[in-house]
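Undergrad: This is the structure I want to talk about, given as structure tokens.
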Amino acid sequence: MQPTLDVCVDDRNGLEICVKHGIDRIELCSALPLGGLTPSPGLMRVASTVSIPTYAMIRPRAGNFCFSQSEVDVMLYDISAVIDNNMAGVVLGASTLDNKLDLNVLNQLCRASDGVGRTLHRVIDTVADALEAIDQTVDLGFERILSSGGSVNAMKGMEQLKSMQDYANGRIEIMAGSGVNIENAIEIMNSTGVRSLHSSCSISVAVPAAFSKLGFSGEIEPRTDVMTLVALKRVIEKSNPIR
């Protein structure tokens, strides 16, 4: 299987960079420093015009993935916006306080997003039994699962990622994310068997003090970087994974 690259962006500039350089798939968010939240309807509309499959993050707030029904209602409205804008899919997830996938919430979200692609996000890295969660995700009709192997980054989670890849056995795509870069992409693929990688391809950019000191932003912000993206894409394209 030819390796693929999924890039997460949170603004129009990042979206345009991905399109220009032919990335395989885009995850569209807002607020990447918070782990990614639902993008605005305006950004969804812009994304709907690009030629690359673009999936919108459906996450109404920062913090955990335990959502109240009122929050789920917001997520359902957001999914409607994705469908209205003819986007390729959604990225979502939900968990319970006892560290399991919240099947009640996920069933609602999956019914609402029927007909578009679905990626389960890193909620799987918070559950007690990732293999059980794979079975549940397959049953719910997801296309893929984004995971760092339950660790702070994919390099540290390679053993778990390999277990997940082997257990999935082609039933669903496992996509490795968190800390993926040109130095470790090949090692992650060779060690785990995963063929889909996820990265922000970003660099940290200083925010003018006039804005950061007033609390409008942190002192640095991530920005999609052309050179980082092109370099990672080239490494993946030239790779010859051994598994």
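Just so it is clear, none of the values below were taken in a lab; they were calculated from the coordinates. From a predicted model like this one, the values you see are computed outputs, not experimental measurements. Don't worry about glycine lacking a Cβ; one is built from the backbone with ideal geometry, like all the others, and counts go over all protein chains shown.
Undergrad: Taking the simple approach of a point 7 Å from Cα along Cα-to-Cβ for both residue 111 and residue 20, what is their distance in nm?
TA: It is 4.5 nm.
Undergrad: For a footprinting-style exposure proxy, rank 233, 156, 238, 162 by other Cβ within 10 Å, fewest first. Mind dumping the intermediate values first?
TA: Numbers: 233 21, 156 15, 238 9, 162 18.
The most exposed by this proxy come first: 238, 156, 162, 233.
Undergrad: Then there's this: Debye calculation, C-alpha points only, no solvent: report log10 I(q)/I(0) for segment 20-114 at q = 0.14, 0.17, 0.21 Å⁻¹, in the same order as the q values.
TA: -0.50, -0.72, -1.04
Undergrad: Picking from 140, 15, 120, which is most flexible by a Gaussian network model of the chain using Cα springs under 10 Å?
TA: 140
Undergrad: Take 145, 236, 220 and order them by how many other Cβ atoms sit within 10 Å, fewest up front.
TA: The fewest-first ordering by Cβ neighbours comes to 220, 236, 145.
Undergrad: Still on this structure: Mind ranking 69-76, 108-115 by how tightly packed they are, going by the mean number of other C-beta atoms within 10 angstrom, highest first?
TA: Output ranking for 69-76, 108-115: 108-115, 69-76.
Undergrad: Taking the C-alpha atoms of segment 111-227, how large are the radius of gyration and the largest Cα-Cα span, Dmax, in Å?
TA: 17.0, 52
Undergrad: Hey, what's the Kirkwood Rh for the chain if you take every pair of different alpha carbons, in angstrom?
TA: It is 18.2 Å.
Undergrad: Suppose the Debye formula is applied to equal point scatterers at every Cα of segment 61-123; what is log10 I(q)/I(0) at q = 0.20 Å⁻¹?
TA: Debye output, listed in q order: -0.75.
Undergrad: Let me ask another. Cut-off 10 angstrom, C-alpha nodes, Gaussian network model of the chain. Which of 24, 125, 84 fluctuates the most?
TA: 84
Undergrad: Okay, moving on. Dipole magnitude of segment 4-238 about its Cα centre, charges +1 at Lys/Arg Cβ and -1 at Asp/Glu Cβ only, in debye to the nearest 20?
TA: Working: 20 positive and 28 negative charges, 106 e Å.
It works out to roughly 520 debye.
Undergrad: For segment 160-193 and segment 23-78, what is the separation of their Cα centres, given in Å?
TA: Taking the Cα centre of segment 23-78 as reference, the centre of segment 160-193 is 24 Å away.
Undergrad: May I pose another question? Given the options 63, 141, 179, state which has the largest fluctuation in a GNM of the chain using a 10 Å cut-off (strictly under) for Cα springs.
TA: Highest fluctuation of the listed residues: 63.
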